[in-house]
Amino acid sequence: MAFTLPPLPFDRSALEPVLSAESFDYHHGKHHKAYIDKVNGWAGEKGLEGKSLVEVIRLAKDRGDKPLINNAGQIWNHDFFWQCLAPPASTRPSARLAALIDSAFGSHQALIDKLAEEAAGHFGSGWAWLVLAGDALKITSLHDGDTPVGLEVRPLLTIDLWEHAYYIDYRNERPRFAKEILSKVINWDFVSQNVEGGALARGDQLHAMA
Ligand code: FE2
């Protein structure tokens, strides 16, 4: 047994024209899979058998094992990212999430603008995150394959900032990619569930290595 590639939670063409089926063929079918294959290849050498994905990430962080942090983190981040997406206008924030957004940013549009600004301004590869820190929403970004796993925050929503995430559909236009995703295909039901505490447990359950 090893980590496996979970299917996308939507049809690969369901988010067109914001994200094309071709982009998922590469992003999910090749890039996400490559991180899984890499970590599986290290199972014996790095003593990963029997560990969940979150346990592997915590172990990698404890050891300061950068290659393992990045590759295992990329598995977790991509699992999380697919769940953050949904067909246009199919979901909406819960009342609690909407109140948190208004309190932290003033309006839903202001949140989108601020998160898109973080995504556009992040230097190099990484991920922009909306997190719950204590009882307030915050925006941050992490480099390369690093994840919020092990941090004292609850991840709610993420945007992949790696060039492979947008080059097929948006070429070099990361700011436009981020704005399109955030304003059209976010799964606000998933983000709302994460406010109530589902995200880390869910990420942990997606994979079992035995
Ligand atoms: Fe990616």
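The values are calculated or read from the model by the stated rules, or taken from the named source; none is laboratory data. Here the structure is a predicted model, which is why all the values come from computation and not from measurement. All Cβ positions, glycine included, derive from the backbone under ideal geometry; neighbour counts span all protein chains shown. The accessibility values were calculated without ligands, DNA or RNA, using every heavy atom of the protein model including side chains. Shrake-Rupley method; radii C 1.70, N 1.55, O 1.52, S 1.80 Å.
Observations, loosely collected:
- Subset tally (residues that are under 15 Å from ALA128 (Cβ atoms), more than 16 Å from the ligand (Cβ to nearest atom) and over 14 Å from the mean Cα position of the chain (by Cα)) for region 152-176: 3
- Members of region 49-79 found to be within 16 Å of the ligand (Cβ to nearest atom), open to solvent by 10 Å² or more (accessible area, probe 1.4 Å) and β-branched (Val, Ile, Thr), listed by number: ILE69
- Selection of first residues in region 165-182 that are in the same structural domain as LYS30 (by TED's automatic domain parsing) and of second residues that are open to solvent by less than 80 Å² (accessible area, probe 1.4 Å), restricted to Cβ pairs under 8 Å at least 6 apart or on distinct chains, gives an empty result.
- Each residue in region 133-151 was checked for being part of a loop (DSSP other than H, G, I, E, B) and under 16 Å from the mean Cα position of the chain (by Cα), and 8 of them qualify.
- Of everything in region 30-48 that is open to solvent by 20 Å² or more (accessible area, probe 1.4 Å) and in contact (Cβ under 8 Å) with a residue 24 or more places away in the chain, the residue that is nearest to ASP146 (Cα to Cα) is TYR35.
- Any hit, region 86-105, residues being surrounded by 17 or more Cβ atoms within 10 Å (Cβ to Cβ) and farther than 19 Å from LEU132 by Cβ: yes
- Of all residues in region 113-148, exactly one satisfies the criterion of being surrounded by fewer than 20 Cβ atoms within 10 Å (Cβ to Cβ), of a type in the set (Asp, Glu) and touching a Gly at 6+ places or on another chain (Cβ under 7 Å), namely ASP144.
- Scanning region 191-210 for residues that are part of a helix (DSSP H, G or I), modelled with pLDDT under 95 and open to solvent by less than 10 Å² (accessible area, probe 1.4 Å) yields a count of 4.
- Selection from region 6-32 of residues that are within 15 Å of the ligand (Cβ to nearest atom) and within 15 Å of the chain's Cα centre (by Cα): PRO6, LEU8, PHE24, HIS27, HIS28, HIS31, HIS32
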